Ligand SMILES: CC(C)(COP(=O)(O)OP(=O)(O)OC[C@H]1O[C@@H](n2cnc3c(N)ncnc32)[C@H](O)[C@@H]1OP(=O)(O)O)[C@@H](O)C(=O)NCCC(=O)NCCS
């Protein structure tokens with residue numbers, strides 16, 4: 001496939017479900033496929049796209065369902081897209097739907113596709129639960145047994161401790177460190193105080209509540225009618241708190257290092273269910289079909305670091321590459337949207353952006369990336385206050401920034417995430 005010159009990726013539309021706390025929230029009975037199908041169906045209806053013109057669908061999640069590992073293809077087969085629409089699934093930890101966006105964009109840039117739907121979803125309320133190798137082996141023996149005594153013989157080997165379920169760990173396989181442990185480590189090594197973390201979390205909630213009140217999210221969040229009766233509808237995110245205070249936040253106990261730690265439920269992103277989708281087109285195709293793109297892709301980059309260092313520092317590695325590819329400096333950006341895994345991770349990255357020592361030691365550059373202007377940063381809050389369905393966050397951020405550039409009538413925006421494995425992702429949008 002020969003790359004085609006002068007093709008440009010337009011973000012034509014985007015949509016997400018409300019985001020809700022996992023396990024106890026109103027979306028807890030919805031699977032990743034349910035959430036994904038619902039958002040894609042609604043995006044198609046709202047954008048009035050001719051479904052036969054969709055070339056591809058790229059979707060992803062992090063904790064994959066055993067029933068539908070290629071969730072993208074299942075979304076197509078669930079309808080109403082024609083079964084002839086090509087689809088594949090991707091996973092890249094918390095940058096999953098940035099990856100699906102980039103896959104869609106690359107297909108458009110290469111001339112491999114003109115119209116692509118991308119996105120991601122997560123139902124952390126419905127994780128695949130597995131058992132020990134020993135118990136799995138017993139189940140397989142029982143399944144293979146030809147008669148009842150054979151099955152009974154297999155099951156007679158079961159010991160109570162075999163029945164303990166294994167749920168997916170939010171921990172690094174290589175270091176055994178959970179994300180929360182990594183945030184603690186970053187807080188300690190970078191001198192990020194508990195007070196600064198709580199203040200950042202509070203600001204995040206305040207900005208999200210104000211955004212909801214101002215109607216910023218009205219067109220980008222669909223009401224989600226709950227099956228099977230579709231009588232109750234989830235209208236809004238359930239995570240933003242209007243009544244949070246510094247006093248309350250400061251009373252919460254540290255979760256990951258109970259004795260000396262500073263990371264709490266209040267300054268961490270919560271486990272969340274939700275889905276988000278984007279409609280991408282080649283610019284000339286969008287215009288010929290009468291769509292006014294919200295924004296365009298200017299550049300992107302992915303980067304990776306050693307998980308033994310500070311796991312969630314990816315934005316500070318990926319951003320300078322995306323800026324260089326865009327021919328820009330940090331100061332040229334009008335908006336910056338950084339995934340908020342934890343306050344400690346965001347504040348550590350902000351510190352690294354401004355640090356000459358970081359630039360010299362980690363980036364091999366003389367000059368720091370730059371000071372982040374607070375006025376431009378996470379203007380509507382982020383994953384701490386909106387929630388963080390792992391697979392959906394990148395698409396949510398890209399959609400919100402594209403809509404904001406559209407509202408402002410122009411400008412540039414950086415979207416960036418840290419992700420498990422020490423990955424960083426950065427996308428620069430322009431209008
Ligand atoms: C941190 C974590 C363990 C907390 O989970 P949890 O215990 O279910 O958290 P809850 O929402 O029940 O909150 C615990 C308490 O803090 C309170 N709280 C949480 N946020 C608050 C806020 N902003 N203001 C005031 N109180 C708050 C809750 O009301 C609750 O109080 P209660 O016990 O009196 O009801 C969980 O959210 C987590 O694992 N997050 C990190 C996820 C992660 O690693 N993601 C990957 C990042 S890329």
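FYI, it's all coordinate maths here, none of it is from the lab. None of these values were measured; they are calculated from a predicted model. Please note: Cβ atoms are built from the backbone with ideal geometry, for glycine as well, and neighbour counts cover all protein chains shown.
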ask   = Which condition number in (1) within 10 Å of the ligand (Cβ to nearest atom); (2) touching a helix residue (DSSP H, G or I) at 6+ places or on another chain (Cβ under 6 Å) is the one that residue 257 fails?
value = (1)
query = Going by the conditions given, is residue 104 within 16 Å of residue 392 (Cα to Cα), touching a residue at least 24 places away in the same chain (Cβ under 8 Å) and away from the ligand (no atom under 16 Å from the Cβ)?
reply = yes
ask   = Restricting attention to the stretch 202-219, and to residues there that are closer than 14 Å to residue 268 by Cβ and within 20 Å of the chain's Cα centre (by Cα), which single residue is farthest from the ligand (Cβ to nearest atom)?
value = 204
remark   = Considering residues that are assigned to a helix (DSSP H, G or I) and surrounded by 17 or more Cβ atoms within 10 Å (Cβ to Cβ), the number found within the stretch 276-290 is 3
message = If I ask for residues that are within 16 Å of the ligand (Cβ to nearest atom), in a helix (DSSP H, G or I) and under 15 Å from residue 256 (Cα atoms), which ones from the stretch 157-201 would you list?
response = 179, 180, 181, 182, 183, 184, 185, 186, 187, 194, 197
ask   = Hey, does the stretch 264-275 have a residue that's farther than 25 Å from residue 177 by Cα, within 16 Å of the ligand (Cβ to nearest atom), outside any loop (DSSP other than H, G, I, E, B) and touching a helix residue (DSSP H, G or I) at 6+ places or on another chain (Cβ under 9 Å)?
value = yes
